[in-house]
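Colleague: Structure incoming, see below.
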Amino acid sequence: MSTTNGDSPQDTRFWHPFADMHAVRGHEVVIDHAEGIWIYDSEGRRFLDGTASLWYANVGHGRTEIGDRVRDQMSKLEAYSTFGDWSNEPAAELATRLSAHAPMPDARVFFTTGGGESIDTAAKLARQYWSVLGQPGKVHMITRSAAYHGTNGFGTSLGGIEPNRVGFGPLVLDTSNVVYDSVAALEEEILRLGPDRVAAFFAEPVIGAGGVYPPPDGYLEGVAAVCAEYDVLFITDSVICGFGRLGSWFGVERWSLQPDMIVFAKGVTSGYLPLGGVVASARVAEPFWSEPGHMFRHGATYAGHPACCAAGLANLDILEREQLIPRGAELEDVLFEALSRLGAHELVTEIRGGTGLMAAVGLDLDAGPSVVADVFAATRERGVLTRPLSAGLAMSPPLTITPDEIEQMAAAIGGALDAVLSARGTAGAR
Ligand code: PLP
């Protein structure tokens with residue numbers, strides 16, 4: 001039986017994010033369960049989760065202690081608003097622990113339900129900070145080419161991946177991108193606009209979804225200094241880079257950075273429940289916390305949700321007890337070296353990585369427009385999940401992965417590259 005739309009009774013009603021539903025309908029891969037670094041689909045196939053889902057399953061899957069903590073919290077208090085003077089124990093405790101781990105002294109933590117919402121929070125807070133200080137004209141925000149800052153209003157406008165910005169009509173005004181690897185480009189842009197118009201500069205320590213681009217030597221220290229010189233707030237988007245991915249709590253410590261704000265999400269709960277937030281330095285908090293009458297009129301219904309914060313606390317316990325935070329740095333060379341052995345392959349343009357447990361295999365689009373999809377699919381057929389990029393595949397496995405399993409991942413990609421290349425040769429010979 002089919003309908004006038006051509007769909008069948010089995011057709012999905014689930015509209016997937018970032019998906020061409022015309023292609024996806026009827027071809028969904030249903031994940032059934034997961035354990036550690038392994039994912040199992042509804043047909044019993046097993047895959048190595050080479051990307052920690054969407055860069056977030058830092059402690060791996062199937063940690064029942066997080067679920068237990070959430071269940072206990074839910075049976076005590078499932079949720080209550082934190083607007084105004086309402087608080088709850090998990091939110092207060094998580095804010096205290098995150099503040100203690102932050103590189104900025106005396107930091108405050110504003111909770112949200114994810115990364116994009118946290119970017120919007122940081123953007124609005126930056127503008128309001130300057131407004132409260134009597135400089136309401138400081139509204140412009142600068143980001144980097146290839147940056148990904150989520151899909152909310154500000155995040156869409158700030159992003160540097162062009163296809164994610166088109167077709168949505170006018171975006172938030174007073175934003176611009178500079179080339180991702182040049183300190184001079186940031187300084188020129190601030191001077192072009194006039195420092196008295198620029199509120200903030202946003203940077204991912206290592207660019208993630210835009211292609212896995214580690215910062216050139218001296219870049220992050222350089223842009224932090226430029227921001228300080230021109231009185232522009234320096235905001236790191238540590239949504240991917242935090243919670244061990246780069247070997248530290250917030251992914252900025254290895255460069256001794258003390259940003260004015262740090263945006264976080266993903267690894268704070270390893271994805272067990274949705275949670276994100278902004279760590280605000282004492283400087284940014286000061287006018288709101290020390291003077292009467294400056295209410296930050298912003299916040300979502302589920303900000304400081306006790307069950308989500310309980311998941312965060314249990315996740316932090318695991319990260320600390322199993323010493324997973326340094327692991328992103330301990331394994332960075334293992335991953336980079338394993339993938340570097342694929343660097344000479346005919347379909348590979350370059351291997352990027354070596355800064356944290358994240359890397360990318362650049363693929364040669366001249367080999368055909370479907371090369372990324374083909375290598376992704378062939379790797380999946382070999383039981384390893386990677387993340388397709390516009391011109392390559394990204395990897396960011398759970399921090400619990402072993403060096404042998406990293407080798408396994410690289411071997412599957414190597415096998416996939418060979419298979420795709422030989423299929424092309426065969427097709428060309430016909
Ligand atoms: N910022 C960065 C660096 C991200 O990688 C992401 C998501 O991948 C976001 C922000 C948006 O987070 P969310 O998808 O939770 O809104």
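The values are calculated or read from the model by the stated rules, or taken from the named source; none is laboratory data. Keep in mind that what you see is a predicted model, and the values were worked out from it rather than measured. Reconstructed Cβ throughout: ideal geometry from the backbone, glycine too, with neighbour counts over all protein chains shown. Remember, those area values only see protein heavy atoms, side chains included, never the ligands or the DNA or RNA. Shrake-Rupley method; radii C 1.70, N 1.55, O 1.52, S 1.80 Å.
Colleague: Loop-only GluC sites (Glu not before Pro) in region 33-79, please: DSSP not H, G, I, E or B, and at most 10 other Cβ atoms within 10 Å.
Modeller: Values: sites: GLU35, GLU43, GLU65, GLU78; in loops: GLU43, GLU78.
Listed in order of number, the matching sites are GLU43.
Colleague: A further question follows. Expressed as a rounded percentage, what relative contact order does the chain have, with Cα pairs under 8 Å and six or more residues apart? List each step's numbers first, then the result.
Modeller: On the way: 845 pairs, mean separation 87.2, N = 430.
Over the chain, the number comes to 20 percent.
Colleague: Ignoring ligands, DNA and RNA, please state the percent of accessible area on the chain from carbon and sulfur, probe 1.4 Å.
Modeller: Whole-percent figure for carbon plus sulfur exposure: 53.
Colleague: Relative contact order of region 184-337: what whole-number percent is it, with Cα pairs under 8 angstrom and at least 6 residues apart? Spell out each step's value before the answer.
Modeller: On the way: 197 pairs, mean separation 31.1, N = 154.
It comes to 20 percent, rounded to a whole number.
Colleague: What is the spread of the Cα atoms of region 96-173 along each of their three principal axes, largest first, in whole Å?
Modeller: Principal extents (Cα only, largest first): 41, 30, 21 Å.
Colleague: Something else now. With label points built 7 Å along Cα→Cβ from the Cα atoms of LEU133 and SER290, find their separation and express it in nm.
Modeller: 1.2 nm
Colleague: Can you compute the charge dipole magnitude of region 145-232 about its Cα centre, using +1 on each Lys and Arg Cβ and -1 on each Asp and Glu Cβ, nothing else charged? Give it in debye, rounded to the nearest 20.
Modeller: Details: 3 positive and 12 negative charges, 82 e Å.
Dipole size: approximately 400 debye.
Colleague: By how many nm would the segment from LEU173 to SER99 grow when fully extended, if each residue of separation counts as 0.36 nm and the alpha-carbon distance is taken off?
Modeller: Working: separation 74, 0.36 × 74 = 26.64 nm, distance 3.21 nm.
Once the chain is fully extended between LEU173 and SER99, it gains 23.4 nm.
Colleague: For ASP32 paired with ARG192, estimate the spin-label separation in nm (one decimal), with each label point 7 Å from Cα along the Cα-to-Cβ line.
Modeller: The modelled label-to-label distance comes out at 5.5 nm.
Colleague: Can I ask one more? Specify which residue in the list ALA23, THR402, VAL334 is farthest towards the positive end of the charge dipole of the chain, using unit charges on the beta carbon of Lys, Arg (+1) and Asp, Glu (-1), about the Cα centre.
Modeller: ALA23
Colleague: Still on this model: Please give the per residue accessible area of the chain, computed with a probe of 1.4 Å over protein heavy atoms only, in Å². Mind dumping the intermediate values first?
Modeller: Details: 19050 Å² over 430 residues.
About 44 Å² of surface per residue is accessible.
Colleague: So how much slack lies between ALA411 and LEU365, counting 0.36 nm per residue of separation and subtracting their Cα-Cα distance, in nm?
Modeller: Computed gain between ALA411 and LEU365 is 14.4 nm.
Colleague: Give, in whole angstrom and from largest to smallest, the semi-axes √(5λ) of the equivalent ellipsoid of region 52-127, with λ running over the eigenvalues of the Cα gyration tensor.
Modeller: Working: eigenvalues 109, 72, 39 Å².
Gyration-tensor ellipsoid for region 52-127: 23, 19, 14 Å.
Colleague: Nothing charged except the Cβ atoms of Lys and Arg (+1) and of Asp and Glu (-1): what's the magnitude of the dipole of region 36-93 about its Cα centre? Round to the nearest 20 debye. The partial results should precede the final answer.
Modeller: Working: 6 positive and 10 negative charges, 49 e Å.
The dipole of region 36-93 has a size of about 240 debye.
Colleague: Right, something else. Using the C-alpha gyration tensor of region 70-209, what are the square roots of 5 times its eigenvalues, in whole angstrom, with the largest one first?
Modeller: Numbers: eigenvalues 201, 67, 48 Å².
One finds semi-axes of 32, 18, 15 Å for region 70-209.
Colleague: Something else now. If each of ASP231 and ASP181 carries a label point 7 Å out from its Cα toward its Cβ, how far apart are those two points in nm?
Modeller: 3.4 nm
Colleague: Go through CYS308, PRO215, LEU417 and say which Cα lies farthest out towards the positive end of the charge dipole of the chain; charges sit on Cβ, +1 for Lys and Arg, -1 for Asp and Glu.
Modeller: Of CYS308, PRO215, LEU417, it is CYS308.
Colleague: Starting with the highest mean, order 412-419, 364-371, 93-100 by the number of other Cβ atoms within 10 Å, averaged over the residues of each peptide.
Modeller: Values: 412-419: 20.1, 364-371: 14.2, 93-100: 17.2.
Most protected by this proxy first, the peptides run 412-419, 93-100, 364-371.
Colleague: Could you tell me the relative contact order of region 378-421? Use alpha-carbon pairs under 8 Å, at least six residues apart, and round to a whole percent.
Modeller: Averaging sequence separation for qualifying contacts and normalising by length gives 54 percent for region 378-421.
Colleague: I need the shape label for region 90-131. Rule: rounded when a/c is under 1.5, else prolate if a/b > b/c, else oblate, with a, b, c from the alpha carbon gyration tensor. Could you put the intermediate results ahead of the total?
Modeller: Details: a/c = 2.43, a/b = 1.43, b/c = 1.70.
Taking the square roots of the gyration eigenvalues as a ≥ b ≥ c, region 90-131 is oblate.
Colleague: Over all alpha-carbon pairs of the chain, lay out the pair-distance distribution in 20 Å bins, whole %, shortest bin first.
Modeller: Spelled out bin by bin, the chain gives 25, 56, 18, 1 percent.
Colleague: How big is the charge dipole of region 57-168 about its Cα centre, in debye rounded to the nearest 20, if each Lys and Arg gets +1 on its Cβ and each Asp and Glu gets -1 on its Cβ?
Modeller: Values: 11 positive and 11 negative charges, 84 e Å.
About 400 debye.
Colleague: Within region 334-378, find all residues whose amide N lies under 12 Å from a label point positioned 7 Å from the Cα of ARG254 along Cα-to-beta-carbon.
Modeller: From region 334-378, the list is 334-336, 353-359.
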